[in-house]
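Read through the structure below, which is laid out as structure tokens, and then see the notes.
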Ligand SMILES: Cc1cc2nc3c(=O)[nH]c(=O)nc-3n(C[C@H](O)[C@H](O)[C@H](O)COP(=O)(O)OP(=O)(O)OC[C@H]3O[C@@H](n4cnc5c(N)ncnc54)[C@H](O)[C@@H]3O)c2cc1C
């Protein structure tokens, strides 16, 4: 596919037209960018948008590189629950996220309980717990918000990377690029991370998540449901209505074999099973085509930065989706990186070195907390620190409390901010 947007003015097009067979023998042409973002998933699109912005006409030059065609819709039927701070950041960057369904409360319960426990935890007056946005709509909005300073390289993969003074990147189509900073948004199997020599610790949960969109007779009223089982949980997230039909997104995490079996059911049987698991609150009547399953792992990179490299989103860590926080972590990654890069530019320093100084310190506390809690919740156990609550010794109650803490990240924000700012002294301005 190759690149889109502006091409190199002198060499590539004329040579390619007149003497294409010689191209392979010519020395490669290097374009230099301030920032190269590898991967145009949700994290890469957001990073390119945030980092490419600047004063009119003075935005940073950003290369956005992806193995696929960036604007082509992806087979992703998931929806993302965006924490209020993520929503604020998106709005600040001019990302028009629509449709977005406000989630105002939750009903949470254990597998054997007849009725769940309901709570509402508004983060700020008038602000819901989260907004639920279909990933396809989120992706479209992020692409629409990409500034002109972002040059796209599509249908190419990163094949080699060296950091020596500046970063040198070789792409699979023979293009060579230079960049002061490389932002790795290339997902859980990140090539940048591998080429930089950053190791990962990985946990195979031996679980998968079934993702389905269901229709139901009862309105969801903006309430999410979550029923924990011995392993995993079944959850519903409120989606916007379509043609007057009430809809919710189901994320059902369980042992992989159980998920495979559920995914293979005829859709009316799957609808009945989901309805029963969710206390029949919704009266689920149908499952939309496009049921998907995702194998679940937990993974953390040994370091969040390397020489002229920073890891963002799933390239940095993968957490269990049970608390719906994976991409919210990526949003906070981008906010922290934006802060560091902006400060480095303001003081005339190198963005590839000075821009990364506070990044790991800002991001580790948040990541550690959510990785620990979601792993524990997915296994029905809790880390020791949480057992000293007044519910200590009662795993069921403790689990609900832990979930309330994790999922209502707005309520957690003061803690995260304190932790994140403990050494840095201030918080990223995009997260204010
Ligand atoms: C079932 C499920 C439900 C979830 N629900 C939520 C939720 O409600 N809220 C939430 O916050 N999070 C949620 N998450 C987590 C969230 O979906 C992920 O954290 C997020 O999608 C990760 O995006 P990413 O851009 O970092 O990685 P990816 O989506 O993996 O994107 C990586 C990109 O890099 C490109 N790429 C890879 N290698 C190369 C290469 N060598 N060269 C060039 N390009 C390359 C790929 O083409 C791709 O576009 C959920 C996850 C799951 C599994």
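Starting with the fewest neighbours, write out 305, 353 ranked by other beta-carbon atoms found within 10 Å of each beta-carbon. Mind showing how you got there, number by number?
On the way: 305 21, 353 14.
Going from sparsest to densest Cβ surroundings: 353, 305.
Considering every pair of different Cα atoms, what Kirkwood radius, in Å, is found for region 233-391? Kindly include the intermediate steps, with their values, before the conclusion.
Numbers: mean 1/r = 0.0536 Å⁻¹.
Radius from the Kirkwood sum: 18.7 Å.
Translational diffusion coefficient, Stokes-Einstein: compute it for region 176-216 using the Kirkwood radius over C-alpha pairs as Rh, at 25 °C and 0.890 mPa s, and state it as an integer in µm² s⁻¹. Walk me through the numbers before you get to the answer.
Numbers: Rh = 14.1 Å.
The Stokes-Einstein estimate is 175 µm²/s.
Against the globular-protein guess of 2.2 N^0.38 Å, express the Cα radius of gyration of region 88-247 as a ratio, rounded to two decimals. Numbers along the way, then the final one.
Numbers: Rg = 21.4 Å, N = 160, 2.2 N^0.38 = 15.1 Å.
Against the empirical 2.2 N^0.38 Å value, I get 1.42 for region 88-247.
Compute the FRET efficiency between residue 286 and residue 357 as 1/(1 + (r/R0)^6), taking r as their Cβ-Cβ distance and R0 = 51 Å, and round to the nearest 0.05.
On the way: r = 53 Å, r/R0 = 1.03.
Calculated transfer efficiency: 0.45.
Which stretch or stretches of region 284-308 have amide N atoms under 12 Å from the point lying 7 Å from residue 204's Cα along the Cα→Cβ direction?
Once the point is set 7 Å along Cα→Cβ of residue 204, 296-298 turn out to lie under 12 Å by backbone N, inside region 284-308.
When a footprinting reagent is the concern and you count Cβ atoms within 10 Å, what order do 291, 284 take, fewest first? Before the final figure, lay out each step's value.
Values: 291 19, 284 26.
So the ranking, lowest neighbour count to highest, is 291, 284.
Can you pull a Stokes-Einstein diffusion coefficient for region 165-240 at 4 °C (1.567 mPa s), Rh from Kirkwood over Cα pairs, as a whole number of µm²/s? Working shown, then result.
Numbers: Rh = 17.5 Å.
My calculation gives 74 µm²/s for D.
Could you state the principal axis extents of the C-alpha atoms in region 28-108, from the largest down, to the nearest angstrom?
The principal-axis extents, from largest down, are 58, 32, 20 Å.
Readers should treat all values here as calculations from the given coordinates under stated rules, not as data from a laboratory. Everything numeric in this text was worked out from a predicted model, so none of it was measured. Note that we place each Cβ from the backbone using ideal geometry, even for glycine, and neighbour counts take in every protein chain shown.
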